[in-house]
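The values are calculated or read from the model by the stated rules, or taken from the named source; none is laboratory data. A quick note: this is a predicted structure, and the numbers were derived from the prediction, not measured. Ideal geometry is used to build each Cβ from the backbone, glycine not excepted, and the neighbour counts take in all protein chains shown. When the accessible area is computed, the model is the full protein with side chains, heavy atoms only, and any ligands, DNA or RNA have been set aside. Shrake-Rupley method; radii C 1.70, N 1.55, O 1.52, S 1.80 Å.
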Amino acid sequence: MSDVRVKGSIIKALSGFYYVKTENNIVTTRARGKFRYQKITPLVGDWVEVILQDDTVGALDHILDRKNTFERPAVANIDQMVIVASGSIPVTDPFLIDQMIAIAEAQNCEPIICINKWDIKEADELFKIYSEAGFHTLKTSAVTGEGIEKLREVLKGKISVFTGNSGVGKSSVLNALDDSHQIPVAEVSNKLGRGKHTTRHIELYELRNGGLIGDTPGFSAFDMDMFKSKPLSELQDCFREFLPYINECFYVGCSHTKEKNCAVLLAVQDGEISKSRHTSYVRLYQQESKRKHWK
């Protein structure tokens, strides 16, 4: 009897098991030994082929081509990165948002800015920065439900991961989107002004409207390692509002940090580009220029 093969997507990885959502079932699998020898690790979000042993148990045999991959968190084929921020305790540093945006942009993943706790603090300046920069920016409250339906529509039919500094309410927003999952929520520490990590593993949860969403660790789990194979000059492409000005700079190879007659710097002076966003770019440029992995 020939092997029965089915295709599906890994929605959870835990303790060496991969849970694959197929057309008909959730199949519990282990990866074939060949992955270990090839030094390939299946990731949550991977589209895979499974050899069925019965309707709900099988062997993960093949990983299909990936759209993108993230090392921390270990996920693949992500359409959108929902960056949850807050103007209240804890107050989100725009640099953290901009770092996540750069990572998403470099991986062909659309950043969505979700400013939560709007019922406590209306973070108008944050909203202005990112909406004017061209990002889909939402005002939400997991408590009152403000903006949750709009966010639900943005997630429809997409694979999205949620991230943000601890305590901004990622899990609370996820539970407000679909309370059937009941993701654990931790209180924010009054002393530290930040929350405790409540996410123990990476899992994609299915929304009733067909979207898949994942709760991932906070910003501390991310770094810029995905830029290690890219030239530093490509960092400018991760700031979309720079793009109309890049080719207008006086010098070829302009870093847009301090050069005379830099079109990007002039746009910052004229208010066409947010000073906050450009400050983050310069900080990232200087930070990453010291790393040896840049070409």
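Given the condition within 17 Å of the chain's Cα centre (by Cα) and either modelled with pLDDT of 90 or more or open to solvent by less than 40 Å² (accessible area, probe 1.4 Å) (or both), answer yes or no: does some residue in segment 259-267 qualify? No, every residue in segment 259-267 fails to be within 17 Å of the chain's Cα centre (by Cα) and either modelled with pLDDT of 90 or more or open to solvent by less than 40 Å² (accessible area, probe 1.4 Å) (or both). Residue-level analysis places residue 231 outside the set of residues that are in contact with a His (Cβ under 7 Å, 6 or more places away or on another chain), modelled with pLDDT under 85 and open to solvent by 20 Å² or more (accessible area, probe 1.4 Å). Among the residues of segment 274-292, those that are under 18 Å from residue 96 (Cα atoms) and either in contact with an Asp or Glu (Cβ under 6 Å, 6 or more places away or on another chain) or among the basic types (Lys, Arg) (or both) comprise 275, 277, 280, 283.
Search segment 68-88 for residues being of a type in the set (A, V, I, L, M) and over 19 Å from residue 174 (Cα atoms), and hand back the single one that is modelled with the lowest pLDDT.
Step by step, filter segment 68-88, then rank; the result is 74.
Pairs linking a residue in segment 29-56 that is farther than 18 Å from residue 14 by Cβ to a residue that is acidic (Asp, Glu) and not in a strand (DSSP E or B), with Cβ atoms under 8 Å and 6 or more positions apart or on different chains, are 51/3; 52/3. Scanning segment 77-87 for residues that are under 19 Å from residue 131 (Cβ atoms) and of a type in the set (S, T, N, Q), we see that the one that is farthest from the chain's Cα centre (by Cα) is 86. A count restricted to segment 18-43 and to residues that are among the basic types (Lys, Arg), at negative phi and not in a strand (DSSP E or B) stands at 3. Would you call residue 113 without any contact (Cβ under 8 Å) to a residue 40 or more places away in the chain, open to solvent by less than 20 Å² (accessible area, probe 1.4 Å) and not in a helix (DSSP H, G or I)? So residue 113 fits the description; yes. Comparison of 183, 159 shows that the only residue that is modelled with pLDDT of 90 or more and hydrophobic (A, V, I, L, M, F, W, C) is 159. What about residue 271, is it part of a loop (DSSP other than H, G, I, E, B), in contact with a helix residue (DSSP H, G or I) (Cβ under 8 Å, 6 or more places away or on another chain) and exposed (fewer than 12 other Cβ atoms within 10 Å of the Cβ)? Against the criterion (part of a loop (DSSP other than H, G, I, E, B), in contact with a helix residue (DSSP H, G or I) (Cβ under 8 Å, 6 or more places away or on another chain) and exposed (fewer than 12 other Cβ atoms within 10 Å of the Cβ)), residue 271 does not qualify. Screening 55, 65 for residues that are modelled with pLDDT under 95, more than 11 Å from the chain's Cα centre (by Cα) and assigned to a loop (DSSP other than H, G, I, E, B) leaves exactly one candidate, 55. The condition of being of a type in the set (D, E, K, R) and either buried (at least 20 other Cβ atoms within 10 Å of the Cβ) or part of a helix (DSSP H, G or I) (or both) does not hold for residue 119. Close contacts from segment 158-182, counting a first residue that is within 17 Å of residue 120 (Cα to Cα) and a second that is of a type in the set (Val, Ile, Thr) and outside any loop (DSSP other than H, G, I, E, B), with Cβ to Cβ under 6 Å and a gap of 6+ residues or different chains, come to 167/188; 168/84; 170/84; 176/148. Residues in segment 50-59: is at least one under 27 Å from residue 152 (Cα atoms), crowded, with 16+ Cβ neighbours inside 10 Å and touching a Leu at 6+ places or on another chain (Cβ under 7 Å)? No, because not a single residue in segment 50-59 is under 27 Å from residue 152 (Cα atoms), crowded, with 16+ Cβ neighbours inside 10 Å and touching a Leu at 6+ places or on another chain (Cβ under 7 Å).
Before we move on, is residue 283 outside any loop (DSSP other than H, G, I, E, B) and either free of Cβ contacts under 8 Å to residues at least 40 places away in the same chain or out of contact with any His (no Cβ under 7 Å at 6 or more places or on another chain) (or both)?
Considered against the rule, which asks whether it is outside any loop (DSSP other than H, G, I, E, B) and either free of Cβ contacts under 8 Å to residues at least 40 places away in the same chain or out of contact with any His (no Cβ under 7 Å at 6 or more places or on another chain) (or both), residue 283 comes out as yes.
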